[in-house]
Each structure stands twice: as structure tokens, then as C-alpha cells.
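To start, the structure itself, in C-alpha cells.
The values are calculated or read from the model by the stated rules, or taken from the named source; none is laboratory data. Note that the structure is predicted; figures quoted are calculated from it, not measured. In this analysis, Cβ positions are derived from the backbone assuming ideal geometry, glycine residues included, and neighbour counts consider all displayed protein chains.
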Amino acid sequence: MLNHGLGSWLTRRLVKSGSKPAIIAGERTLTYADLEEAASRAAAAFADAGVGPGDRVAYLGENSPEFVEVLFAAGRIGAVTVPLNTRLAPGELAYQLDDAGVSVLVYDDSLAGAAVPAAATAETDVATWDLDELHARSAAVGRFDEDVRVGLDDLAVILYTSGTTGRPKGAMLTHGNLTSNCFNVLIDYDVASTDVALMISPMFHVASLGMGVLPTLLKGATLVVETRFVPSQVLQLVQKFKVTTLSGVPTTFQMLMEDPAWDTADLSSLRNLTCGGSAMPKYVIDAYAEKGVGFTMNYGMTETSPGATSTPPEFALEKIGASGLPQFFVDVKIVEPGGDELPAGQVGEILVQGPNVIKEYWNRPDAASSFEAEGWFHTGDLGRLDEDGFLFVTDRLKDMFVSGGENVYPAEVEAVLSGHPDLAAVSVIGVPHPKWGEAPHAFVVPRGSAEITAETIMEFLDGKLARYKIPRTLTVVEDLPRTASGKIRKNLLRDSLA
């Protein structure tokens, strides 16, 4: 039986890429041979501590080579990696440690203040290793060279959803899910072994892991990892390492172009910028186009490992606002509430099917209704397909509201508002209204010192949207609350008004 596990990737990579840089992190450079050796020794350390196939190993830390070492080490012994969000409070971390039944928690020293109390309060008996202990244990053992056979249906990673409402759910990503997603990325994004991918988004998030880390290493290219997003530093790294690929959310790219070093920055090495999370404002697309760089817009989620659709750069302006065509091994359809498929142009729930789509959540039989027997996953998102098959995400089912008997999709309003030259970011929610039931309310982040009022917003939207969709009230804020993946936490915005 062929070993399909992530742990076998590095062994196969050594033949062609042993001396090539796999990860660059500050002053550290790990070749593929270095990474394979580190992962093999970490695997032996885990095995020596009693971790075996199916057991869960958690990692809490910022972007680093150790994250990748732990991921491949767990895969090598058939264990399961549980990446943890560094922004969570100890109580939230303890919930995930308990829910996943974690055996060992590896953490960065800078996060000891969250990791140690989380493990101490968890009901599960969790062994805690800081990075020094991981390195010491790895140095004290030999290599792990046993051939633990792992199949495509075996569990590789448990990733917890952002939990914008209710308790986070553990998405069960198999080796097959992750490998299939990598194939989609290699095909649709034309990943090359000569690529240099700069990782500025957290690797504990599925977008960085599935769209960046894994396909880059599978192809034998190079990762440059950063622990923090600092616009000026990113621009320097792009030029220093001739970075070819950069991923983020719209705010990422807005902040880069607003940095003082933007005008003189040489971005000629970049050949692809990938963006998800929300629609990209046209002025941002135009600014990067002036430097000769195009965007690939995409749509996906933790449950799809994460890729579902992507818009090639040549369609970025022609199909502005689109989330793209289904990726190579993915199918997408739009259905009405009763389940019947809808024709092009009509809004309904987005369903996704493919070998990259998970089949269940960890310990959550109550969430089985999200999955159909035919393999279709109910995303909970609303959208439409145009006549060319491009997906346009309209909104979350839970974010849609009814005003005066009409459905209002906040994402549609936000997409138009994002074109306002004085707005850096915007989010729209429905608020109670004595006459119409609910009405749109905008949260806006001004650009620079611009003054934004409800009147200026209404004037800008007049003629662009139906009147019932136009916010007549707003709140000016310095920033919008977001998850680690860049999604706006609308539940917190609603709470702030309540």
C-alpha cells in the first residue's frame, strides 16, 4: 500500500530538493534535508512520549519552522496535528484541548502565559513542551524511520472554525483532503519549484496552511515565514528574497500600498497575489496593476481545505466582485431552501463538492446536516453563479436581513461602499427599525483624516443601490474586529450597538 501521509512528503522530496532552502525564517535557513531531519527526530520524540497513530498533538505558536516540523512529525507517526489560534484566551484554548483530546501541546515561549494555564485547566491530561523541550527531546533520540502507513481517508489535521457564533467546531481534514487541495492549488495557481512564497498570515489558519505552506513544500519551492505582519518589513522581504507569491486579505494589500515605502518598492518579482475573505476594492486592484501585479481572488473555508473557487488575474476587473470559477477538482452549485438547484443569476445557498471537502466535524454529530450523502457540503453562504460560471458570494445566510419585506445582503452593500475613496474598510449589519423591521447600519473605517457622515454615504450610494439597501445610520470606528483569517466578526459589531 502506498503511504499517502503528509509525513512521507519530505522523504520523497529529499531526492530532488535536499540541499534547496525549504524555509527561511529571519536568520535561519532550513534546507529540505534539514527539515526532514528535524521532522524525523521530532516524530521519534513524540513516539518516545507514547504518541501513536490517531493521537492528537497541538501546536501553539506564531509562524515558524517548528510549526512545520511538528506538522510533518505528527504525520510521520500517523498522529493528528491540532494547530491552535494564538489569539485565543486560555479558557478558549482549554476547550479545544479537551474537545480534541490532545496528548501533547507544543508551544512557543512567548505564549506560555496562555498555554500553561490552558493545559492546567483542561480536563484532558495534556503534556506541555515548550520549543526548548521539543528541541532537547528531539536531540536525545534517533531518527524515526519506521514506515507507518497512512491512507487518504486517515485524519491529518483538526482545525477549529473561527467560532464567530457559538462554540468552534473541529473540522476533520484528512490526508486526502489536504493532498487534493494541494493538487487544485498547483494546477489553478501554476505553482513552480522556483517560487518563493512569503507567509505573513498565520499558518494555524487553513488559508495559509492549505493554500501556501503545503503546496509550496509539495512542489519543492521555498517558504519565507514572518511572525508578524509589518507592511514596511514585507516590502523589504519581497525585494530581498525575490518573493513570487504573497497571500492575504484586502486589508493586507491596502496597508501595503499605504506604507511610505510603497512608491519606491520594487515588486517586479511578484507574479501572483492571492486574496480572499471579502471583495477587493477596485482602487487597490488598480494600484497593484500599475506595478505590474495581478490578483487571484478566491473563495473557500476550513471545511474545503480551503480552496473552492478562484478568479484568474486576467478576469479581476472584468469580473470584479467575483470569487471565481470552481477549482480543478471541485464542483459548486446554488440551491434554494428546499434543495432544488437554481439557474444562473439566482441567489441561493452555495454547496461545494470535491475530494478536498471534509466529511464530518470532530465530536459533533449534531452538525451532520451540513453534509449530504452525495458529498455536497452546505457552506451557509449565499451566492449566485453568472452565465459564465463565476461565483459571486452574496452573504452569509445568517447575515442576511429583511427590510420592509425585501432581502438585504450586507456583502452586496459592502462591495459597493468599498469603492468610496475615503473608506479603508466597511461592514454592514441589520439593526431593528420601528417601521421596516430592520434597516442597514454601516460601520466605517475612514482613510487617513477623512470625515465620513451618513449623508456622504447616502450620497455616494444614491443611484448605485436600491434605497432600502442604503445605510442611513453609521458608526465611525478605528478598526473592525476580525478573526485570524481576516473575517469581520459581525457578532461583536452587533453587540457594540446592543
### Query
What pairs come up if the first residue lies in the range 418-433 and is within 13 Å of GLU478 (Cα to Cα) and in contact (Cβ under 8 Å) with a residue 12 or more places away in the chain, the second is of a type in the set (A, V, I, L, M, F, W, C) and part of a loop (DSSP other than H, G, I, E, B), and their beta carbons are under 6 Å apart, counting only those six or more places apart or on different chains?
ALA425/LEU480; SER427/LEU480
### Summary
Note: among THR216, THR222, THR194, just one is β-branched (Val, Ile, Thr), surrounded by fewer than 21 Cβ atoms within 10 Å (Cβ to Cβ) and in contact (Cβ under 8 Å) with a residue 24 or more places away in the chain, namely THR194
### Task
Pick out the one residue from ILE488, ILE452 that is more than 17 Å from SER403 (Cα to Cα) and touching a Pro at 6+ places or on another chain (Cβ under 6 Å).
ILE452
### Summary
From the option list VAL402, VAL416, single residue qualifying as in a strand (DSSP E or B) and at pLDDT below 90 is VAL402
### Message
Considering only residues that are among the small types (Gly, Ala, Ser) and within 29 Å of LEU173 (Cβ to Cβ), which ones fall in the range 259-315?
### Response
GLY276, GLY277, SER278, ALA279, GLY300, SER305, GLY307, ALA308, SER310
### Message
Condition first: crowded, with 24+ Cβ neighbours inside 10 Å and under 17 Å from the mean Cα position of the chain (by Cα). Now tell me which residues in the range 60-70 satisfy that.
### Response
LEU60, GLY61, ASN63, PHE67, VAL68
### Query
Within the range 441-493, how many residues are in a helix (DSSP H, G or I) and loosely packed, with under 14 Cβ neighbours inside 10 Å?
4
### Task
Select from the range 270-284 the residues that are more than 20 Å from GLY307 (Cα to Cα) and free of Cβ contacts under 8 Å to residues at least 60 places away in the same chain and write down the one among them that is surrounded by the most Cβ atoms within 10 Å (Cβ to Cβ).
LEU270
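Okay, residues lined up against (1) modelled with pLDDT under 95; (2) surrounded by 21 or more Cβ atoms within 10 Å (Cβ to Cβ); (3) in a strand (DSSP E or B):
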{"site": "SER369", "(1), (2), (3)": "yes, no, no"}
{"site": "GLY389", "(1), (2), (3)": "no, no, no"}
{"site": "PHE392", "(1), (2), (3)": "yes, yes, yes"}
{"site": "ASN407", "(1), (2), (3)": "yes, no, yes"}
{"site": "ALA411", "(1), (2), (3)": "yes, yes, no"}
{"site": "HIS420", "(1), (2), (3)": "yes, no, no"}
{"site": "SER427", "(1), (2), (3)": "yes, yes, yes"}
{"site": "VAL431", "(1), (2), (3)": "yes, no, yes"}
{"site": "ALA439", "(1), (2), (3)": "yes, yes, yes"}
### Query
Looking only at residues in the range 81-114 that are out of contact with any helix residue (DSSP H, G or I) (no Cβ under 7 Å at 6 or more places or on another chain), farther than 19 Å from LYS169 by Cα and of a type outside the set (S, T, N, Q), which one is surrounded by the most Cβ atoms within 10 Å (Cβ to Cβ)?
LEU111
### Query
Quick one: would you say SER232 is in contact with a helix residue (DSSP H, G or I) (Cβ under 7 Å, 6 or more places away or on another chain) and either surrounded by 20 or more Cβ atoms within 10 Å (Cβ to Cβ) or over 18 Å from PRO202 (Cβ atoms) (or both)?
no
### Qualifying residues in the range 115-166 (those that are β-branched (Val, Ile, Thr) and modelled with pLDDT of 95 or more) - the one surrounded by the most Cβ atoms within 10 Å (Cβ to Cβ)
VAL157
### Query
Picking from ASP153, ASP190, ASP145, which residue would you name as being in a loop (DSSP other than H, G, I, E, B) and either aromatic (Phe, Trp, Tyr) or out of contact with any helix residue (DSSP H, G or I) (no Cβ under 9 Å at 6 or more places or on another chain) (or both)?
ASP190
### All positions within the range 357-411 that are touching a helix residue (DSSP H, G or I) at 6+ places or on another chain (Cβ under 7 Å) and within 24 Å of ALA344 (Cβ to Cβ)
VAL357, PHE377, HIS378, VAL393, THR394, ASP395, ASP399, GLU406, VAL408
### Message
at pLDDT 95 or above and in contact with a Pro (Cβ under 9 Å, 6 or more places away or on another chain): is that true of LEU246 in this structure?
### Response
no
### Query
If you take the residues in the range 294-351 that are surrounded by fewer than 19 Cβ atoms within 10 Å (Cβ to Cβ), at pLDDT below 90 and of a type in the set (A, V, I, L, M), which one is nearest to TYR160 (Cα to Cα)?
ILE320
